Amino acid sequence: MKALMNLLSLKTVPTLFWTAPSTFTIRPPFVSVVFLLLGLVIFGLGHAILFASNLGVSPWMVLSQGITVQTGWSIGWTIVVVSFLVLMFWIPLKQVPGLGTFINFFVVAAVVDVSIKFLPSFDHFLAQSLQALIGIFFIAIGTGVYLIANLGPGPRDGLMTGLQRVTNFPLAYVRNGLEITVVIVGWCIGGTAGIATLTFALFIGPATAIAMQFLNYSFPKP
């Protein structure tokens, strides 16, 4: 139990050999860009696997669904609006954007769009559950890889790191707090949550922290 608590106590994103010296730069190190893209591809693949499980979408998608129900907007437009609003919360948190912030949408969306066509769908609940867990695992690893590149988080991950810096709570707890709050609000206003949604909300924070701790212990520092 103590070892698990130590894993979950991570408060800052580790600095490894692919970490860029500066987030906001027009000439990032090549290795940082490579790992940024690698992380985003893994991240996008994880979301595609989660979608293919047919057990529920991510909490932020539930929120977007709920807003669509209330406003009549298209789901695509709602996702854009939610992302923009999340970025607005960055301002008081003094969160700095970077290359990763701006290409996050395009890379992840492209990976999901392409890979979802080739992923299997299962009818058996146990197989679907395993698929959802694998998706969450990929999302956690992908998040760790691309955040460590230090080229700018996506809107929601930036909200996590910004709130961590302000509150000094471990990243796992901040992420869980965000996801649980979002899924509750989304469900209350008409979004649809499945068992994979609830599993994601409860475990993505610890999974991301453990993934970054694993990377920190497995790869050399700069």
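Each value in this text was obtained by applying a stated rule to the coordinates, not by laboratory testing. None of these values were measured; they are calculated from a predicted model. All Cβ positions, glycine included, derive from the backbone under ideal geometry; neighbour counts span all protein chains shown.
Sorted fewest first by neighbouring Cβ atoms within 10 angstrom, S22, S115, S32, S74 come out as S74, S22, S115, S32. Among the helices of the chain, those built from whole DSSP H runs whose Cα atoms reach 24 Å or more along their own axis and whose mean Kyte-Doolittle hydropathy is at least -0.5 are 30-52, 75-93, 125-148, 171-188, 195-218. Note on F118, F214: ascending count of other Cβ atoms within 10 Å places them as F118, F214, the fewest first. Fully extending the segment from N6 to A110, taken as 0.36 nm per residue of separation minus the present Cα-Cα distance, adds 33.9 nm. Taking the helices alone, the chain has a mean residue ellipticity at 222 nm of -24000 deg cm²/dmol, built from -39,500 (n - 2.57) per DSSP H run of at least 4 residues and averaged over all its residues.
Projecting the Cα positions of L87, T199, Q164 onto the charge dipole of the chain (unit charges on Cβ atoms of Lys, Arg, Asp and Glu, taken about the Cα centre) puts Q164 furthest along the positive direction. Comparing A140, A201, A110 in a Gaussian network model of the chain where C-alpha atoms under 10 Å apart are linked, the largest mean-square fluctuation is found at A110. Each Cα pair under 8 Å and six or more residues apart adds its separation to the average, and for the chain the resulting relative contact order is 41 percent.
Fully extending the segment from F169 to F122 would add 13.1 nm, taking 0.36 nm per residue of separation and subtracting the current Cα-Cα distance.
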